[in-house]
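The values are calculated or read from the model by the stated rules, or taken from the named source; none is laboratory data. Remember, predicted model here, so these are calculated numbers, not experimental data. Every residue, glycine among them, receives a Cβ derived from its backbone with ideal geometry; neighbour counts consider all protein chains shown.
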Amino acid sequence: MILNFPKTGSTFIRKVVKGIFYKRRKKNIWINALYKLGLKLDFKELMTEHPTVTNYKDPHGCYDQIPDIDKNKIILSGVRDPYERLESLYKFKWWAKYPPIAKNEIDTHFPNFPDLTFHQYLELDALENEELKNKYGIDNNIKIGNQSIQFIRFFFKNHKEILANLNADYFINGDYKGDLCAVNFIKNENLNEELALFLLKYDFSEEEINYVREHEKVNVTKTDGDNGLLFHEVVCYVNENEWILLEVLSHLGFDYKRE
């Protein structure tokens, strides 16, 4: 099972894994015939309801949406530096196509929408945070950023109950560790090699591993060449708002915290 956590390389992971199985079946005439007849499937994408966009389905489902019969399978997902991911979310501009707050609020706060500066995007992120806290019943006194909420939604068992009863001690004392689902995370920063090493554990062939290592990047966000966009502001914003995500990632072995 692959959980497609947005902007962590999930499109690459899905495309490469599907490509491997497609190549396998093309080599076997009998198996290929079964596929064409719809009698055998090697990779199926589950389209699930989007948490904030009405009447919209996509492949970015969370752990709680995996059918119970499949929850005992090996689960794979990507993880990414939260500072870089924040910049990527801004530049990807999903928010421009699907605004996260009501139109009247957009008109009031951002008359130049969707041509937002990065600073304005952070203001939009803060307003979306208020919406998400109301949606999940999160105590307004708890500092929890949108990336942290999304991570909990994706990778925690019974995430709605957890978010509704959230308190800082739950993370400070480490009580959250028992609610994390069992996921194999690979880092976006070295995606080809990390995916290759993961598949090596499960008897994929040398040819298939080389296919992973040599595969081109997928769905890379186009930028204007501005690396380190307002970097000091990014670090301060993430450290203040996404301390929960940084804590959980550190527990999982990914120490991204920057000063």
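Quick check: anything in region 194-213 among the aromatic types (F, W, Y), under 23 Å from the mean Cα position of the chain (by Cα), assigned to a helix (DSSP H, G or I) and over 21 Å from Y256 (Cβ atoms)?
Taking region 194-213 as the starting set, the residues that turn out to be among the aromatic types (F, W, Y) are 198, 202, 204, 211.
Imposing the further condition that a residue be under 23 Å from the mean Cα position of the chain (by Cα) reduces the set to 198.
Filter again for assigned to a helix (DSSP H, G or I), leaving 198.
If we keep only those that are over 21 Å from Y256 (Cβ atoms) as well, we get none.
Scanning region 194-213 turns up no residue that is among the aromatic types (F, W, Y), under 23 Å from the mean Cα position of the chain (by Cα), assigned to a helix (DSSP H, G or I) and over 21 Å from Y256 (Cβ atoms).
Being part of a helix (DSSP H, G or I), touching a helix residue (DSSP H, G or I) at 6+ places or on another chain (Cβ under 7 Å) and of a type in the set (S, T, N, Q) holds for only one residue in N134, N129, and it is N129.
Out of everything in region 8-44 that is at pLDDT 70 or above and either of a type in the set (G, A, S) or in contact with a strand residue (DSSP E or B) (Cβ under 9 Å, 6 or more places away or on another chain) (or both), what residue ends up being surrounded by the most Cβ atoms within 10 Å (Cβ to Cβ)? Working first, answer last.
If we filter region 8-44 for residues that are at pLDDT 70 or above, which is where we start, we get 8-26.
Next, from what is left, pick out any that are either of a type in the set (G, A, S) or in contact with a strand residue (DSSP E or B) (Cβ under 9 Å, 6 or more places away or on another chain) (or both): 8-10, 12-14, 17, 19.
Numbers: T8: 22, G9: 28, S10: 23, F12: 21, I13: 25, R14: 18, V17: 19, G19: 15.
Ranking the candidates gives G9 first.
Going through (1) surrounded by 18 or more Cβ atoms within 10 Å (Cβ to Cβ); (2) part of a helix (DSSP H, G or I); (3) touching a residue at least 60 places away in the same chain (Cβ under 8 Å) one by one, H119 falls short only on (1).
Of all residues in region 176-200, those that are within 18 Å of D255 (Cβ to Cβ) have Cβ atoms under 8 Å from Cβ atoms of residues that are surrounded by fewer than 17 Cβ atoms within 10 Å (Cβ to Cβ) and of a type outside the set (A, V, I, L, M, F, W, C), 6 or more apart or on another chain, in Y176/Y170; K177/H251; L180/K157.
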